[in-house]
Amino acid sequence: MSLPTWYHIVILPISFVITYILSKVVIYVCTRAGIVAVDVHKLNKPLIPTLGGLAILGGFLIPTSLLITSANYRLRSIVIISTALASSIIGLYDDFKALKGLTKALLTILLVIPIIIGHLLNPKIIPLGRPVVPIVGRLRLTIIYWLLLPLAIAGPANVINMLEVFNGVMPITTSLCLTSLTLVSLLRGKIEVLPFTLALLGSLLGYYPYNKYPSRLFTGNVGSLMVGSIIGCIAVMGGLEFVTLIALMPHLLNAFLVISSVKGLRERRTIGSRPIVIRNDGLLEANKDPKAPYTLTRLILFIAGPLTEKEIVTVLTWLEVVASILATVSGILYPPGV
Amino acid sequence: MKRIAKAVLVISCLMLFYWSLLILVLIIVERWVLSLPSSIIRSLVGLSLYGAWLYFVYVFNRYIFNKYS
């Protein structure tokens, strides 16, 4: 039995309000505790409280944990909550102890375990295999699907984490991604993951006022890894793998550029040369050092010339709008009845 | 504004290109490759096509990057 319509209507504003309030609490607690990070793209290098991801987590967990009381949603909720909590723990550890790039990637691969257990317990509630793609319909992937499955959670978690470098980028781009996932779910009539997309969307929208330029609260790895892993989980549980892949194209492009230029998975702090430099007038420009890593932002700055941080965020937002439109079109092109 | 629009346009065209190419590869694999007789040949050819798409994305990305840098 599906959830009543009123639940789908109230979940977004409830998540919004919870995250909005929790963000204020996180700012207060982290400022008092000295849990701050440098805003490197500003001339005066202000110290900004971090771990805003905890507010997003709270705003997401509280309404979705109520779904455990529904027999039809119990398993889905447990799987997605377990994934969210596990990824938050990895992110939190990374925030305090700085995990190596490869270690972080390997740990995030383990985040697929809850979804596999959920599938083994009830394959009808959590079906895996044979992803749907536009025009063609269901792919005939068998062994390859299971080999790629760990990347379905680790991939979004890490690529969203990698693009989380400017004020407001993470909440705005992931909100747009979730909007396209919500639209495609509605268009296909597959609304099983709708409560989760709406809960996360509400949380991100509630968090955005604090993270947008100029940021008063940073997300931290706890937030970006967690948001990415939830999106990955939603993609797999809702049969939205292809749509999510397209919706996260700016993130994937960035990750591809970085990994191919630094030749592997390396932690940001271990890469000597920065991709972007800040000028004396406050504008950001692409580092001309050939050893600097390739990133999407560096490419943007090569094309457009020096920009302010706000302008870079505008470009990234528009790119995400385009990717989300392509993702929605992909969903529309699914053959009927699939 | 023009510089922002230029950056958005160039990278959007890139994303559109990769998306179209991926859908083309999917159609070729599902409609032609999977009609090949041998299971091993189907797997090899199919995976090679996906791998070729990925490699093309890698090479083209570097080309675009070097063109603008």
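The values are calculated or read from the model by the stated rules, or taken from the named source; none is laboratory data. Everything numeric here is computed off the predicted structure, so don't read it as measured data. Because the Cβ atoms are built from the backbone with ideal geometry, glycine has one as well, and the counts that use them run over all protein chains shown. We work out accessible area using only protein heavy atoms, side chains counted, and drop any ligands, DNA or RNA first. Shrake-Rupley method; radii C 1.70, N 1.55, O 1.52, S 1.80 Å.
Brief remarks follow.
- For the stretch A:218-225, backbone phi angles converted through the Karplus equation (6.51, -1.76, 1.60; θ = phi - 60°) give residue-by-residue couplings of 9, 6, x, 5, 4, x, 5, 5 Hz, Gly and Pro being listed as x.
- Surface share of carbon and sulfur [accessible, 1.4 angstrom probe, percent] for the stretch B:2-68: 74
- Fraction of the pair-distance distribution of the protein assembly as shown above 42 Å, Cα-Cα pairs, percent: 10
- Cleavage-rule hits (trypsin sites (Lys or Arg not before Pro)) in the stretch A:238-338: DSSP loop, at most 11 neighbouring Cβ within 10 angstrom: A:Lys263, A:Arg279, A:Lys288, A:Lys291
- Apportionment of accessible area to carbon and sulfur, the stretch A:183-338, percent (1.4 Å): 64
- Only helices enter the 222 nm calculation for the protein assembly as shown: every DSSP H run of n ≥ 4 contributes -39,500 (n - 2.57), and dividing by all residues gives -23000 deg cm²/dmol, rounded to 500.
- When each of A:Lys97/A:Lys124; A:Lys190/A:Lys263; A:Lys24/A:Lys124; A:Lys45/A:Lys100; A:Lys24/A:Lys190 is checked by Cα-Cα distance, pairs over 32 Å: A:Lys97/A:Lys124; A:Lys190/A:Lys263; A:Lys24/A:Lys124; A:Lys24/A:Lys190
- Distance between the pseudo-spin-label points of A:Lys97 and A:Leu187 (7 Å out from Cα toward the beta carbon): 4.4 nm.
- Whole-Å distance, taken between Cα centres, linking the stretch B:2-69 and the stretch A:36-104: 33
- Projected label distance in nm at A:Ile117 and B:Ile41, using a 7 Å step from Cα toward the beta-carbon: 4.5
- Cα-based convex hull, the stretch A:5-246, per residue volume (Å³, whole number): 119
- Calculated log₁₀ intensity ratio I(q)/I(0) where the Debye formula runs over C-alpha points of the stretch B:2-68, q = 0.12, 0.29 Å⁻¹: -0.43, -1.20
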